[in-house]
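The values are calculated or read from the model by the stated rules, or taken from the named source; none is laboratory data. No experiment lies behind these values; they were computed from the predicted model shown. Neighbour counts run over all protein chains shown; Cβ positions are idealised from the backbone, glycine included. Protein only, heavy atoms only, side chains kept; ligands, DNA and RNA dropped before computing areas. Shrake-Rupley method; radii C 1.70, N 1.55, O 1.52, S 1.80 Å.
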Amino acid sequence: KGSVFCAALPYARPVALVVDDDPMALLIVRSHLEKIDIDVVEASDGAKALSAVKARRPHIIITDIMMHGMNGFDLLDRLKQDISTRGIPVIVMTSVDGEMRDKALRRGADDFVGKPIIGDDFLPRVRRFVG
């Protein structure tokens, strides 16, 4: 009594939005993410990131804190206040740690990674949120 159903769903590559105003940092993060088959969308500040989220909803957002224009804290606040984006995991990355890390986590960041990005530390953090 009852039914069993099976469904085969097509594989969809996860999408990561990487936000940083440093082109070299974007390149490094992109190279790590592409190694684990993640599509990367880039933005150079928080305002451009918000537009990118509307254009193509990412599975994860990885953002720097210190940027020109809308910084990472302001972006994090906007994402976590909006019901349509608050569920997207956000990993904050910055070369400043300690107090900045605590502030990011208090504001709703899901994880934190220091710069320079080290793949053995960074990739397991990403994999926690996207296969």
- prompt: For region 32-77, which residues satisfy the criterion of being among the charged types (D, E, K, R) and surrounded by fewer than 17 Cβ atoms within 10 Å (Cβ to Cβ)?
  reply: 34, 35, 37, 39, 54, 56, 57, 77
message: What's the number of the only condition in (1) open to solvent by 20 Å² or more (accessible area, probe 1.4 Å); (2) in a loop (DSSP other than H, G, I, E, B); (3) not acidic (Asp, Glu) that residue 85 fails to meet?
response: (1)
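Looking at region 88-121, which of its residues are part of a helix (DSSP H, G or I) and out of contact with any His (no Cβ under 6 Å at 6 or more places or on another chain)?
Result: 99, 100, 101, 102, 103, 104, 105, 106, 120, 121.
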query: If a residue has to be touching a residue at least 24 places away in the same chain (Cβ under 8 Å), assigned to a helix (DSSP H, G or I) and within 18 Å of residue 118 (Cβ to Cβ) to count, how many in region 13-70 make the cut?
result: 6
- prompt: Do we have any residue at all in region 111-125 that's surrounded by 12 or more Cβ atoms within 10 Å (Cβ to Cβ), touching a Lys or Arg at 6+ places or on another chain (Cβ under 9 Å) and more than 21 Å from residue 39 (Cα to Cα)?
  reply: yes
- request: With the condition kept exactly as written, say whether any residue in region 91-102 is open to solvent by 40 Å² or more (accessible area, probe 1.4 Å), at pLDDT below 95 and touching a helix residue (DSSP H, G or I) at 6+ places or on another chain (Cβ under 8 Å).
  value: no
